[in-house]
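Comments concern the structure below.
The values are calculated or read from the model by the stated rules, or taken from the named source; none is laboratory data. Being a predicted model, the structure only gives us computed values, none of them experimental. Reconstructed Cβ throughout: ideal geometry from the backbone, glycine too, with neighbour counts over all protein chains shown. The area values use the complete protein model at the heavy-atom level, side chains included, leaving out ligands, DNA and RNA. Shrake-Rupley method; radii C 1.70, N 1.55, O 1.52, S 1.80 Å.
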Amino acid sequence: MYNFNYYTPTKVVFGRGTEEQVGQLVAQQGGSKVLIHYGGKSAVRSGLIDRIKASLDAQGIAHVELGGVVPNPHLGKVREGIELGKREGVDFLLAVGGGSVIDSAKAIGYGLAEPDKDVWELYAHKRKAAAHVPVGVVLTISATGSEMSNSSVITNELTGKKRSYNDDIARPRFAVMNPELTMSLPDYQTESGCSDIMMHTMERYFTNGGNMELTDAIAEGLLRTVMKNALILHSDPQNYDARAEVMWAGSLSHNGLTGCGCDGGDFACHNLEHELGGMFDVTHGAGLTAIWGSWARYVYKDCLPRFVKFAKNVMGVEGSGDEDTALKGIAALEDFFRSIGMPVSIRELGIAPTEEQILAMAQSCAEANGGKKGSAKVLYPEDMAEIYRMAR
Ligand code: NZQ
Ligand code: ZN
């Protein structure tokens, strides 16, 4: 077991109708001029943005808005938000949406707090942030856990580089989570979200260092719960309890809880996916399931005890001997992904990277991570390229 810090300053306001409290929550944080940030049109169409404006108006809090955040959010929109925020004297950012909107708001928060510096320098890991304008969240999709995480992932659309920057100062001040708000999601987005949630826990579970019994029990319970409820939502998308289970799992999966005592996690799948997202603009959760099986078959021998434990405790399968059990567990999870309509190969994402593109993604992934990545097995560019090839 390793030493750890567990820091989760985000106030969670969970349940039906909680978005009505947004005005009070912003007031408690001292916000006086709010930038309401959102994505395409889902939050406008549902009337959510209007309800949020009414809640702010009721507290006498001024607001401006900026929509148009796209999935795999763009640096250009972040810069637009920083300019608008400067012009309008914004002192609080309200993200209404999913991971893309929250991450864009976090990035604007960095840019507004240090207006003379280029915000991309953070994502290029050239410096650390010294300040941040606070962010609050109204969550509309359960997936990334960004509503409680210290992470923000932005794509520089001019270079195709998708990069993350992690800093505790950007953890949201509050997260309003009403599971009903996720009922309008298309099935593919719901299930991509469930897959991403599972992956955040698995990235911390498949490691070669410092695993704790309690953390493992939380992780395994979380994975079983998400699988059960992802299946329910595949056929019954209006099921409130299933929406609620998944939503809470999403936050706990990426706020640090499922990694306490471990070595910091593997995160190779995530970083391999970020290259796919940057180059081909794929849906994050689907990109993860497309790669996972190939990653697992490439690394399992170097992390055998964890794969055996996963097969038995999460997937409920056992073979003849450890290797067979591990492989049966991997196959069982791929079957599960298929059962909820998720891809298990890159081809099923509808893209066909060339050998040249595979080499470029592997090189870029390694560069973004100081030359190597992984804990289950440390991967170098040639390993990464081989996993992309296996996943094709
Ligand atoms: O833009 P709108 O119209 O809102 O449509 C969105 C978008 O098309 C739609 N949507 C969201 N809520 C909806 C809805 N449609 C109907 N009803 C609703 N209630 O869903 C689509 C996907 O939204 P997006 O925010 O992109 O999804 P997600 O939450 O999966 O975020 C993905 C981004 O977060 C990053 C990913 O890499 C990706 O860029 N991640 C961020 C992390 C973090 N900050 O901690 C960790 C993750 O590992 C991940 O990398
Ligand atoms: Zn993720």
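For region 312-342, which residues satisfy the criterion of being closer than 29 Å to residue 284 by Cβ, touching an Asp or Glu at 6+ places or on another chain (Cβ under 6 Å) and of a type in the set (Val, Ile, Thr)? Correct list: 314, 340. Applying a threshold of 8 Å to beta carbon distances and a minimum spacing of six or more residues, or different chains, the list of pairs starting in region 365-392 at a residue that is among the hydroxyl-bearing types (Ser, Thr, Tyr) and ending at one that is open to solvent by 70 Å² or more (accessible area, probe 1.4 Å) reads 375/208; 380/372.
Within region 138-170, being more than 7 Å from ligand 1 (Cβ to nearest atom), farther than 14 Å from residue 15 by Cα and either open to solvent by 30 Å² or more (accessible area, probe 1.4 Å) or of a type in the set (A, V, I, L, M, F, W, C) (or both) holds for 148, 150, 154, 157, 158, 159, 161, 163, 166, 168, 169, 170.
Search region 114-136 for residues being free of Cβ contacts under 8 Å to residues at least 60 places away in the same chain and open to solvent by less than 10 Å² (accessible area, probe 1.4 Å), and hand back the single one that is nearest to residue 6 (Cα to Cα). Among those residues, the one meeting the criterion is 135.
Restricting to region 74-93, give me the number of residues that are outside any helix (DSSP H, G or I) and either surrounded by fewer than 20 Cβ atoms within 10 Å (Cβ to Cβ) or under 18 Å from the mean Cα position of the chain (by Cα) (or both).
Initially, region 74-93 is screened for residues outside any helix (DSSP H, G or I), giving 74, 89-93.
Narrowing further to those that are either surrounded by fewer than 20 Cβ atoms within 10 Å (Cβ to Cβ) or under 18 Å from the mean Cα position of the chain (by Cα) (or both): 74, 89, 91.
Residues flagged as outside any helix (DSSP H, G or I) and either surrounded by fewer than 20 Cβ atoms within 10 Å (Cβ to Cβ) or under 18 Å from the mean Cα position of the chain (by Cα) (or both) within region 74-93 amount to 3.
When restricted to residues that are surrounded by fewer than 20 Cβ atoms within 10 Å (Cβ to Cβ), over 21 Å from residue 306 (Cβ atoms) and in contact with a Phe, Trp or Tyr (Cβ under 8 Å, 6 or more places away or on another chain), region 357-385 contains 1.
Selection of region 9-49 for residues being in contact with a strand residue (DSSP E or B) (Cβ under 7 Å, 6 or more places away or on another chain), open to solvent by less than 40 Å² (accessible area, probe 1.4 Å) and small (Gly, Ala, Ser) yields 31, 39, 43. So, residue 179, is that one away from ligand 2 (no atom under 16 Å from the Cβ) and free of Cβ contacts under 8 Å to residues at least 12 places away in the same chain or not? So residue 179 does not fit the description; no. Of the candidates 216, 241, the single residue that is over 20 Å from the mean Cα position of the chain (by Cα), modelled with pLDDT of 95 or more and open to solvent by less than 30 Å² (accessible area, probe 1.4 Å) is 216. Helices (runs of 4 or more DSSP H) fully within region 8-73 that include at least 1 residues being in contact (Cβ under 8 Å) with a residue 40 or more places away in the chain and among the β-branched types (Val, Ile, Thr): 22-28, 48-58.
Which one is least open to solvent (accessible area, probe 1.4 Å), of the residues in region 313-356 that are over 29 Å from residue 225 (Cβ atoms) and outside any helix (DSSP H, G or I)? Selected residue: 353.
Annotation note: of 252, 231, 222, the sole residue that is more than 16 Å from ligand 1 (Cβ to nearest atom) and hydrophobic (A, V, I, L, M, F, W, C) is 231.
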